[in-house]
Amino acid sequence: MSWERLMLKKILVQVKTPIQIQEDKEYKLVTISNTGNITLRKVIKGSQISADQAYSVKKGAFIYSRLSIHTGAFGLVPDELDGALVTSEMPLFDIMDNTVPDFLIYSLKLPEFSFQLNNLTKGMGRTRVKEDTFLSLHIDIPSIEIQKRLIKEISDKENQISLITQEHLKQIDALKKLRQQILQDAVQGKLVPQDTYDEPASKLLERIKADKEKLVREKKIKKEKNLLSFRQEEIPFEIPNNWIWCRFGEVVDMSRGRFSIRPRNDPRYFNGNYPFIQIGSLDENGSVVNNASQTLNELGKNVSKEFPVGTIAIAIVGGTIGNLGVLGRNMFFPDSIIGITPSHLYNQQYVLYFLRYKQPAIKAESYQMAGQPNIKIPTLFNLLFPLPSISEQNRIVAKLDQLMTLCDELEQSIQQNQKFTQEFLQVALKEALEQMN
């Protein structure tokens with residue numbers, strides 16, 4: 001295969017088409033991302049442009065950013081930006097007939113060319129790559145026919161990777177919907193058969209309330225506030241006759257974490273023997289949390305709050321709202337997390353599955369405070385909770401554990417297939433690219 005090493009000045013010809021800015025005319029402005037996407041930045045009036053002169057781009061031309069070419073800010077001008085404007089910081093070039101435009105782009109992404117670019121500015125910090133310097137760099141090119149064949153091979157491989165990725169994403173999305181449907185069937189009493197010998201859930205609720213009242217008198221827990229009665233029209237679906245609707249806060253004991261120190265990363269309170277987790281330790285599935293990236297010392301322990309093993313932790317702020325975790329040992333956490341402590345009167349795993357089912361609704365209830373989403377504690381207290389007998393809770397959990405394990409195995413299989421397929425295609429893509437190197 002015959003290849004030739006050429007300076008870019010033998011491939012690219014700089015084009016400057018200056019435009020005199022008119023104050024009453026609208027202009028499209030161009031931006032280039034570090035992934036090579038050339039897009040419309042905005043449309044503005046000439047009166048809003050500080051310069052008297054700018055440069056017009058044309059579709060299919062090559063363009064790069066003087067400041068960011070090292071990070072991949074270069075590409076071909078798309079058709080829809082023909083005639084848009086750039087400053088002199090984004091030089092524009094026509095591509096000569098000896099090079100296929102897409103072949104040029106792939107060549108500039110190769111490690112050998114990146115090495116040349118990096119050597120230009122090594123140790124110099126933020127540096128502009130001006131046109132003369134850029135055009136002095138080299139790439140290797142074969143004949144036009146070979147360029148076209150290589151580009152077709154690469155394009156075909158990339159399209160195959162894209163199609164397979166899209167298919168796997170569809171499968172993962174379908175699996176997510178299946179999990180949600182299974183959880184919905186569980187909380188509606190449709191997942192396992194009813195047993196006429198089960199104690200009515202109303203009796204269980206009476207015992208739970210009596211136990212909580214005793215703990216309140218003993219000052220071991222606080223009395224729930226703002227628990228609202230509910231009307232028949234609020235009930236979202238039918239449940240079996242043996243079940244009962246109640247407020248979530250009537251059943252569980254939940255309280256907010258605590259860490260009152262500001263700034264939160266004050267080193268005087270850390271590096272001790274007490275595990276301290278934050279919202280990043282939680283996920284959508286409510287995984288068991290055994291490890292903590294931070295620990296509190298005695299000072300930190302005294303300004304935080306300990307929760308026992310088995311506590312369900314739920315994030316109530318930020319982009320992780322509704323994420324869950326189950327403490328694998330006694331741990332501490334801040335007020336961005338609520339803890340639901342376990343009880344012998346109900347199945348804690350049933351509570352966890354209920355919260356997984358309610359995650360979409362909990363996220364929808366979030367509101368804006370101090371620039372980030374939050375969920376109010378009374379919102380969780382007042383969730384309508386379908387309570388079955390403890391016997392049925394146990395049967396539901398056993399079935400859910402089985403079905404969710406099958407879903408997890410199916411997801412792992414999909415991800416493994418995706419990995420193997422992409423690795424196979426990436427090897428084929430690499431082989432095509434190596435012919436260019």
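The values are calculated or read from the model by the stated rules, or taken from the named source; none is laboratory data. Fair warning: this is a prediction, and the values are worked out from it, not measured in the lab. Note that we place each Cβ from the backbone using ideal geometry, even for glycine, and neighbour counts take in every protein chain shown.
Odds and ends about this structure:
- Among the residues making up region 312-323, those that are closer than 18 Å to Ser293 by Cβ and in contact with a Leu (Cβ under 9 Å, 6 or more places away or on another chain) are Ala313, Ala315, Thr320, Asn323.
- Meets criteria (outside the structural domain of Ser65 (by TED's automatic domain parsing), exposed (fewer than 13 other Cβ atoms within 10 Å of the Cβ) and either among the hydrophobic types (A, V, I, L, M, F, W, C) or part of a loop (DSSP other than H, G, I, E, B) (or both)) for Leu163: yes
- Some residue of region 385-392 being among the acidic types (Asp, Glu), part of a helix (DSSP H, G or I) and at pLDDT 95 or above: yes
- In the set (1) at pLDDT 85 or above; (2) of a type outside the set (S, T, N, Q); (3) touching a helix residue (DSSP H, G or I) at 6+ places or on another chain (Cβ under 7 Å), the condition left unmet by Ile154 is number (1).
- Selection of region 295-327 for residues being more than 27 Å from Pro360 (Cα to Cα) and part of a strand (DSSP E or B) yields Thr295, Leu296, Ser304, Glu306.
- When region 357-382 is limited to residues that are under 18 Å from Ile337 (Cα atoms) and surrounded by 18 or more Cβ atoms within 10 Å (Cβ to Cβ), the one that is modelled with the lowest pLDDT turns out to be Ser366.
- Filtering region 266-289 to residues that are in contact with a Lys or Arg (Cβ under 9 Å, 6 or more places away or on another chain), free of Cβ contacts under 8 Å to residues at least 40 places away in the same chain and surrounded by 13 or more Cβ atoms within 10 Å (Cβ to Cβ) leaves Tyr269, Gly272.
- Of the residues making up region 45-96, those that are closer than 14 Å to Pro18 by Cβ, at pLDDT below 90 and β-branched (Val, Ile, Thr) are Ile49, Thr87.
- Taking the listed residues Gln171, Gln184, the one that is of a type in the set (S, T, N, Q), more than 24 Å from Phe74 (Cβ to Cβ) and in the same structural domain as Leu406 (by TED's automatic domain parsing) is Gln171, with no other qualifying.
- Test: residue in region 349-365 that is of a type in the set (A, V, I, L, M, F, W, C) and assigned to a loop (DSSP other than H, G, I, E, B): no
- Pairing residues of region 167-194 that are without any contact (Cβ under 8 Å) to a residue 12 or more places away in the chain with residues that are not in a helix (DSSP H, G or I) and not charged (D, E, K, R), at Cβ distances under 8 Å and at least 6 apart in sequence or on separate chains, gives Asp185/Leu191.
- Restricting the search to strands (runs of 3 or more DSSP E) fully inside region 176-288 and requiring at least 2 residues that are under 20 Å from Leu380 (Cα atoms) gives 244-247, 253-256.
- Within region 292-305, the set of residues being touching a residue at least 24 places away in the same chain (Cβ under 8 Å) and closer than 30 Å to Met404 by Cα comprises just one member, Ala292.
- Checked against the criterion of being at pLDDT 95 or above and out of contact with any strand residue (DSSP E or B) (no Cβ under 6 Å at 6 or more places or on another chain), the candidates Ile182, Ile172, Ile161 yield just one match: Ile182.
- Where strands (runs of 3 or more DSSP E) fall entirely within region 25-117, those with at least 3 residues that are not β-branched (Val, Ile, Thr) are at 26-32, 38-45, 53-56, 74-76, 92-95.
- The number of residues in region 332-345 that are more than 13 Å from Ile279 (Cα to Cα) and either crowded, with 21+ Cβ neighbours inside 10 Å or without any contact (Cβ under 8 Å) to a residue 12 or more places away in the chain (or both) comes to 2.
- Being under 30 Å from Thr99 (Cβ atoms) and assigned to a helix (DSSP H, G or I) is a property that holds for Lys152.
- From the list Gln14, Gln22, the one residue that fits, being among the polar types (S, T, N, Q) and in a loop (DSSP other than H, G, I, E, B), is Gln22.
- Number of residues in region 163-190 that are over 23 Å from the mean Cα position of the chain (by Cα) and within 25 Å of Asn417 (Cβ to Cβ): the value is 1.
- The residues of region 1-16 that are loosely packed, with under 13 Cβ neighbours inside 10 Å and of a type in the set (S, T, N, Q) amount to a single one, Ser2.
- Residue list for region 131-145, filter: assigned to a helix (DSSP H, G or I), under 28 Å from Asn119 (Cβ atoms) and touching a residue at least 40 places away in the same chain (Cβ under 8 Å): Glu131, Phe134, Leu135
- All positions within region 55-65 that are free of Cβ contacts under 8 Å to residues at least 40 places away in the same chain and farther than 14 Å from Thr31 by Cβ: Tyr55, Ser56, Lys59
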